[in-house]
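J.: Following this message is one structure expressed as structure tokens.
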Amino acid sequence: MADVESEQTSPGILQEIFTSPLNLSLLCLCLFLLYKIFRGDKPADMGEIEEPLPKLKKRDFTLEELKEFDGARNPRILMAVRGKVFDVTRGKKFYGPEGPYGVFAGRDASRGLATFCLDKEALKDAHDDLSDLNAMQQESLSEWEAQFTHKYDYIGKLLKPGEEPTEYTDDEEVKDKKKE
């Protein structure tokens, strides 16, 4: 008789779980963790994975030559910062044609980065000596240059009008590979 009475007064375990918000939350957490454990950390299928482009040999560019590497005409994306040309292809989400900084692809981005201006009109199509930038803009540009130097491959110089390109040797390529 005592057993029958205790069964009638104590609620069932399912009723206990589903009527308490705390227990329901803990059950959901446990189910989620079990799902993660059994499913594993499989990466989501991203469709076609693009092959990375081979590393570009060092060379110098004129502004006209640089325009070809805008991510639309050529899959490689190059941009110049303070006279240095960087391969920013691996950052194409930012610098590609659809990216927020896509206006800088295939261009000298120095003025736009220094002034935080993303308008195409802010970038010059001719050589820009940046002499009219104030001290704060010059400092900002230095920080951008350091970031690009650290994050992306240096390809060569952006040539001034009339300047001759530098002849890079394979020895310089080997030195760069040892640094990485």
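Please treat every number below as a calculation from the coordinates, not as lab data. None of these values were measured; they are calculated from a predicted model.
J.: Scan around L56 for amide H atoms under 5 Å from its own, H built in the peptide plane at 1.01 Å from N, and keep only partners 5 or more places away or cross-chain.
T.: Amide H neighbours of L56: none.
J.: Hey, another quick one. On full extension of the chain, what length is gained from H150 through E64, given 0.36 nm per residue of separation minus the C-alpha to C-alpha distance? List each step's numbers first, then the result.
T.: Details: separation 86, 0.36 × 86 = 30.96 nm, distance 2.59 nm.
Contour length minus the Cα-Cα distance gives 28.4 nm.
J.: What are the principal axis extents of the Cα atoms in the range 89-158, in Å, biggest first?
T.: On the principal axes, the range 89-158 reaches 31, 26, 20 Å in Cα extent.
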